[in-house]
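One structure below.
The values are calculated or read from the model by the stated rules, or taken from the named source; none is laboratory data. From a predicted model like this one, the values you see are computed outputs, not experimental measurements. For neighbour counting, all protein chains shown are included, and Cβ atoms are generated from backbone atoms with ideal geometry for every residue, glycine included. Accessible surface areas use protein heavy atoms only, side chains included; no ligands, DNA or RNA. Shrake-Rupley method; radii C 1.70, N 1.55, O 1.52, S 1.80 Å.
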Amino acid sequence: MSILLADDDKDDCLLFKDAIEELAFTALLTMVHDGEQLMHHLESVAANIPDVLFLDLNMPRKNGFECLAEIKKHATLKRLPVVVYSTSYDEGNADRLYESGAHWYICKPSDFEELKKAVHLAITLVKQNYKQASRKDFLITILKTVL
């Protein structure tokens, strides 16, 4: 599985990498650290897009909202499953992200074991369903991830 993480927090990136390495599946992880780097990377691999993108919202140079909008307007990239991966949850932002085409939204857990569970859940959902979740499932996934 090819996983792309877009996150400007180096510590969060290292924790995410460690979580992926401890999960029971083989994955190639690529990391980018700002929105412009993300879009440049995606355009350079558009013929072979990753299996999933974990997208932080608060990044420099171009935020997650802007990146998601660009991804969903692109003929090839719009089929990329996007899991919003953010430190906070806001109902209004969740509505906006869902309407923009995000597949799921998870909050970054502070506990490493919870992080592994959240990442595993998100990857399992991507493997099971490449289409956007229903709005109800989008929110349930958030609750499952947070708990």
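Below, the figures for the structure above:
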item: Cβ-Cβ FRET estimate between HIS40 and LEU14, R0 fixed at 22 Å, reported to 0.05; result: 0.45
item: Within the accessible area of the chain (1.4 Å probe), percent carbon and sulfur; result: 50
item: Point-charge dipole on Cβ atoms (K/R +1, D/E -1) for the chain, about Cα centre, debye to 20; result: 700
item: Contact order relative to length of the chain, as percent, for alpha carbon pairs under 8 angstrom and 6 or more apart; result: 22
item: Heavy-atom accessible area per residue - the stretch 9-48, 1.4 Å, Å²; result: 59
item: Cα-based shape type of the chain, given that a ≥ b ≥ c are square roots of the gyration tensor eigenvalues and the cut on a/c is 1.5; result: rounded
item: Å² of accessible area per residue within the stretch 49-135, as computed with a 1.4 Å probe and no ligands counted; result: 46
